[in-house]
Amino acid sequence: MIVDFQHHFTPRELIKGDPGDKLILHYDENGAPSYTVHSLLYDLDEHIRMMDVSGIDAAWLTSAAGMSADLERSRICNDRAKQAERDYPGRFIGAAHANPLGGREALKELNRCRHELGFQGVTITSEQDGRFIDAPELDPFWSECEKLGMFVFVHPALRLNHSQQFDGYDTARSVGREFSLIMATIRLINSGVFDRHPKLTVHMAHLAGGIASMIGRVRSYQDKEFWGTKPNARHGALPKHDFDHYLSHNMVFDTAGFCGAIGSVKTALIELPASRIVFATDYPQEIRAREAVRDFVRDIRALGPDGERILSGNVGLLLKV
């Protein structure tokens, strides 16, 4: 069974106006491109056609409109994701949307998603509202997810806390988001989130921002004595186990975020175990054409046993049927 673990939609009522066949690009307060709106986001019939052409059995449905959003938008996305499950039996799997900084009401919504809607995972962003993923304010959220047995999908923030350095060339989206995911991975591990919540599973988007290409440097800087930061409470902080322990025990990575480039998947496999990678496309944002998704599936399958494990063998890491 092939499940697309990063597959997006936006409820029609959350899109202002009618985009028709146009792309509508939104910018953040610093003028950085933030999010592209188009009709494919709510045309679930076309999603199904793409999945049929590509051989994808089901898609785990998340909405950027509900990621770390207010309660009303979260509830709309959750209800529409559940409706998609009903309208297309067996083809869509709903994700919970609950703001990790939303307090008691957000945690109540998270429980509704788990107990009433039957969702097994929740989506959040890598940073938000001036806070990063290791902020102490998120600890009640991690505790609740662990208690509910829900995995957490960390999607790159659509609006970075500090986008000023990405002031041209669309770099906030092209590389800024990936940097945010790498930082989120390091922050989760070194802050002790997994030590405090050992049963927690975090699904990192985009192969953790392509962390494989940086992992040698990241590992080196875990030697706090060598780099002189051991006496510093913030920079010398270390988890209980070595860095790679958490990559192979608490974290799962997906193949989205590289616009269907198989070379990026091959690069990741040098450092990340195939046993911790799941298939994902980022449809219909970074990939929008049926044929492009079909070719991506073909290229992953051509990797042999690792490819088959990524396509279907690792589904159980996140979804318990």
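Any residue at all in the range 253-262 that is modelled with pLDDT of 95 or more and part of a helix (DSSP H, G or I)? Yes, the conditions are met somewhere in the range 253-262.
In summary, helices (runs of 4 or more DSSP H) completely within the range 25-131 and bearing 2 or more residues that are farther than 23 Å from residue 12 by Cα, more than 17 Å from the chain's Cα centre (by Cα) and at pLDDT 95 or above occur at 44-54, 103-115. Screening residue 256 against (1) on the phi > 0 side of the Ramachandran plot; (2) touching a His at 6+ places or on another chain (Cβ under 7 Å); (3) hydrophobic (A, V, I, L, M, F, W, C) leaves a single unmet condition, (1). Inspect all residues belonging to the range 145-164 and state whether any of them is open to solvent by 30 Å² or more (accessible area, probe 1.4 Å), more than 19 Å from residue 258 (Cβ to Cβ) and assigned to a helix (DSSP H, G or I). Taking every residue of the range 145-164 in turn, at least one turns out to be open to solvent by 30 Å² or more (accessible area, probe 1.4 Å), more than 19 Å from residue 258 (Cβ to Cβ) and assigned to a helix (DSSP H, G or I). Residue-level check: of (1) crowded, with 23+ Cβ neighbours inside 10 Å; (2) under 25 Å from residue 161 (Cα atoms), residue 130 misses just (1).
Inclusion of residue 177 among residues that are in a helix (DSSP H, G or I), in contact (Cβ under 8 Å) with a residue 40 or more places away in the chain and open to solvent by 10 Å² or more (accessible area, probe 1.4 Å) is warranted.
Looking for something in contact (Cβ under 8 Å) with a residue 12 or more places away in the chain and surrounded by fewer than 16 Cβ atoms within 10 Å (Cβ to Cβ) - is there at least one such residue anywhere in the range 260-271? Looking for residues that are in contact (Cβ under 8 Å) with a residue 12 or more places away in the chain and surrounded by fewer than 16 Cβ atoms within 10 Å (Cβ to Cβ), one finds at least one in the range 260-271, hence yes. Checking 114, 80, 91, 49 one by one, the residue that is over 24 Å from residue 170 (Cα atoms) and surrounded by fewer than 14 Cβ atoms within 10 Å (Cβ to Cβ) is 49 and no other. For the range 272-320, the set of residues classified as open to solvent by 70 Å² or more (accessible area, probe 1.4 Å), more than 15 Å from residue 5 (Cα to Cα) and outside any helix (DSSP H, G or I) consists of 288, 302, listed by residue number. If you go through the range 222-245 and pick out every residue that is without any contact (Cβ under 8 Å) to a residue 24 or more places away in the chain, under 28 Å from the mean Cα position of the chain (by Cα) and not in a loop (DSSP other than H, G, I, E, B), you end up with 1.
The values are calculated or read from the model by the stated rules, or taken from the named source; none is laboratory data. Please read these numbers as outputs of a predicted model, since none were measured by experiment. A quick note on method: Cβ atoms are made from the backbone with ideal geometry, for glycine too, and the neighbour counts reach across all protein chains shown. All accessible areas refer to the heavy atoms of the entire protein, side chains included, with ligands and DNA or RNA removed. Shrake-Rupley method; radii C 1.70, N 1.55, O 1.52, S 1.80 Å.
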